[in-house]
Amino acid sequence: MDILIVGGGGREYSMALFLKKDEAVDKIYMASGNGASSEFAQNIDIKDFDKLADFVVEKNIELTIVGPEAPLVDGIVDVFKKRGLLIFGSSKNASRLEGSKIFMKNFLKKYDIPTAAFIETDEFQKAEKFIDTLELPIVVKADGLCGGKGVVIASSGDEAKEVAKDMLSGKSFGEAGRSIIVEEFLDGYELSVFAVCDGKNYKILPAAQDHKRLLDGDIGPNTGGMGAYAPTPLIDEDLYKKIENLVIKPTLSGMTQEGCPFEGVLFIGLMIVGGEPVVLEYNVRFGDPECEVLMPLLKTPVSQLFYKAAKGELEDLDLEFYDKYAVAVVMASENYPYKSSTPSEIIVDKSVHEELSGTHISYAGVSKEDEKLYATGGRVLLSVGVGESIKEARDKAYLLCGQIHFAGKQFRQDIAYQALKND
Ligand code: AMP
Ligand code: GLY
């Protein structure tokens, strides 16, 4: 079958990379793809959903898979479904779980799913009053999509008020900040749990851990994610069961009651506080970099998972994973996450790289010119290692990092440290 992947980051590149190895897949199109995906997929530059649907009809593409949140929140799935096209992703209404933090928090409250105490408001006085009741630090979030940057953890009440004021006035995030959430800070460790859903059934994937802060030891500014690994030992059967019963099941039945049964990837960002799962946020797509560590672990052909989910046939799927671990280290450009950097050529010591079994690169912010690859985005690429243990996977990923060169490259040295601290 021919497949279209919407998106062009590391997440979509990794989906394409593993779909390419899948016998059931013939041709892969990517809209837009990136400078490296053009090596094995056809990149197309169509953004308008109707025009993209025209392209799918013209090329007889059987399945479309949507990677990023923006097209989902903007309703690509609804446009494709109206035209009878098979697409994997959440509807516009269901995507409110990610597109509006206020919808998400009210949903959590309504269906009694554990989450941090909060208020939502578009009035500064209300925010100020609630801030005065909270212990430090205090979390302030813009309602709309801000590319992962709309959450501020303020260390004083005055800072929280300042942040709230700047968001509400439109100064920080424009319209996306005109309404805000103020919430209590949760102290625990974070987990990313993914369930692939078809509106009726779901399959839970191995839990992953992301590293959101820029610097080693989880300090510095929040980023889109500097590395991930899966499966994580920070979860056991008991916690999986709690997450399934206290979070996943009520979320899916709640969405059905709201009239928008959930199809696509339900990504639950959890804080584990004293052994109990508390929902920080939902996303309606795979995490990036989490997707890059989940794709290599899938034993079931990737196309089957997406195809059956899009068809509403997940119940028939026996989803299998390799009994292995994957670690991905994000290599970012010099000025990430503050501002863009001067493009620089990427050189990979190919002779060594090819000899290393169980490693690969997932390209993200790259473009191609005269057959050369340039680092042009913030998160440039991911060095991925797969092994029999987290340590082996981590060591392979870092060995590969040492063979990838571009001016100003930066990456964390401690990905997976929480899982390895007793080793
Ligand atoms: P979000 O986009 O809501 O997931 O927030 C981004 C990041 O901010 C999360 O991954 C957490 O690291 C942190 N964060 C968000 N909300 C809280 C909270 N209530 N307590 C502690 N950390 C939080
Ligand atoms: N890795 C976090 C995210 O994709 O939102």
Scan the range 46-95 residue by residue and report those that are within 24 Å of Q257 (Cβ to Cβ), open to solvent by 80 Å² or more (accessible area, probe 1.4 Å) and either touching a residue at least 60 places away in the same chain (Cβ under 8 Å) or in contact with a Lys or Arg (Cβ under 7 Å, 6 or more places away or on another chain) (or both).
N93
Residue selected from the range 197-209 under the condition surrounded by 23 or more Cβ atoms within 10 Å (Cβ to Cβ) and within 25 Å of S389 (Cα to Cα), by the criterion farthest from ligand 2 (Cβ to nearest atom)
L205
If we keep just the residues of the range 301-324 that are outside any loop (DSSP other than H, G, I, E, B) and among the charged types (D, E, K, R), which is least open to solvent (accessible area, probe 1.4 Å)?
K308
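May I ask you to list the residues in the range 275-300 that are part of a loop (DSSP other than H, G, I, E, B), within 14 Å of ligand 1 (Cβ to nearest atom) and not aliphatic (A, V, I, L, M)? Steps first, please.
Keep residues of the range 275-300 that are part of a loop (DSSP other than H, G, I, E, B), which gives 275, 284-289, 299-300.
From the residues that got through so far, the ones that are within 14 Å of ligand 1 (Cβ to nearest atom) too are 284-285, 287-289.
Passing the criteria: R285, G287, D288, P289.
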Filter the range 220-232 down to residues that are at pLDDT below 95 and open to solvent by 20 Å² or more (accessible area, probe 1.4 Å) and give me whichever is nearest to ligand 2 (Cβ to nearest atom).
G224
Evaluate the following for C260: is it touching a strand residue (DSSP E or B) at 6+ places or on another chain (Cβ under 7 Å), within 24 Å of F306 (Cα to Cα) and either more than 11 Å from ligand 1 (Cβ to nearest atom) or open to solvent by less than 50 Å² (accessible area, probe 1.4 Å) (or both)?
no
Taking E354, is it surrounded by fewer than 16 Cβ atoms within 10 Å (Cβ to Cβ), more than 22 Å from the chain's Cα centre (by Cα) and not in a strand (DSSP E or B)?
yes
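Listed residues S172, S156, S179; which is under 24 Å from K339 (Cα atoms), out of contact with any Phe, Trp or Tyr (no Cβ under 8 Å at 6 or more places or on another chain), open to solvent by less than 60 Å² (accessible area, probe 1.4 Å) and among the hydroxyl-bearing types (S, T, Y)? Before you say what the answer is, go through the steps one by one.
Details: S156 fails: under 24 Å from K339 (Cα atoms); S179 fails: under 24 Å from K339 (Cα atoms).
Among S172, S156, S179, only S172 is under 24 Å from K339 (Cα atoms), out of contact with any Phe, Trp or Tyr (no Cβ under 8 Å at 6 or more places or on another chain), open to solvent by less than 60 Å² (accessible area, probe 1.4 Å) and among the hydroxyl-bearing types (S, T, Y).
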Checking E98 against (1) assigned to a loop (DSSP other than H, G, I, E, B); (2) touching a residue at least 24 places away in the same chain (Cβ under 8 Å), which test does it fail?
(1)
Does the range 124-133 contain at least one residue that is of a type in the set (G, A, S), over 25 Å from I272 (Cα atoms), over 27 Å from the mean Cα position of the chain (by Cα) and in a helix (DSSP H, G or I)?
yes
The strands (runs of 3 or more DSSP E) lying wholly within the range 1-75 that contain at least 3 residues that are aromatic (F, W, Y) and touching a Pro at 6+ places or on another chain (Cβ under 9 Å) are none
For the condition more than 17 Å from A310 (Cβ to Cβ) and open to solvent by less than 20 Å² (accessible area, probe 1.4 Å), what is the one hit in S14, S32, S38?
S14
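Looking at the range 152-228, what strands (runs of 3 or more DSSP E) fall wholly within it and have at least 3 residues that are more than 13 Å from ligand 1 (Cβ to nearest atom) and under 23 Å from the mean Cα position of the chain (by Cα)?
Values: elements: 180-184, 189-198, 202-204, 213-215, 219-222.
Output list reads 189-198, 202-204.
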Pairs, first touching a residue at least 24 places away in the same chain (Cβ under 8 Å) in the range 252-269, second open to solvent by 50 Å² or more (accessible area, probe 1.4 Å) and within 16 Å of ligand 2 (Cβ to nearest atom), C-beta under 9 Å, six or more apart
G269/E190
Write out, first by first residue and then by second, each pair whose Cβ atoms fall under 6 Å of each other, whose residues are 6+ apart or on separate chains, and whose first residue, in the range 281-300, is open to solvent by 10 Å² or more (accessible area, probe 1.4 Å) while the second is within 11 Å of ligand 2 (Cβ to nearest atom) and not hydrophobic (A, V, I, L, M, F, W, C).
E281/G269; R285/E69; D288/G9; D288/G10; D288/R11
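The values are calculated or read from the model by the stated rules, or taken from the named source; none is laboratory data. Remember, predicted model here, so these are calculated numbers, not experimental data. Cβ coordinates were reconstructed from backbone atoms using ideal geometry, including for glycine residues, and neighbour counts include every protein chain displayed. For accessibility, only protein heavy atoms count, side chains too; no ligands or nucleic acids. Shrake-Rupley method; radii C 1.70, N 1.55, O 1.52, S 1.80 Å.
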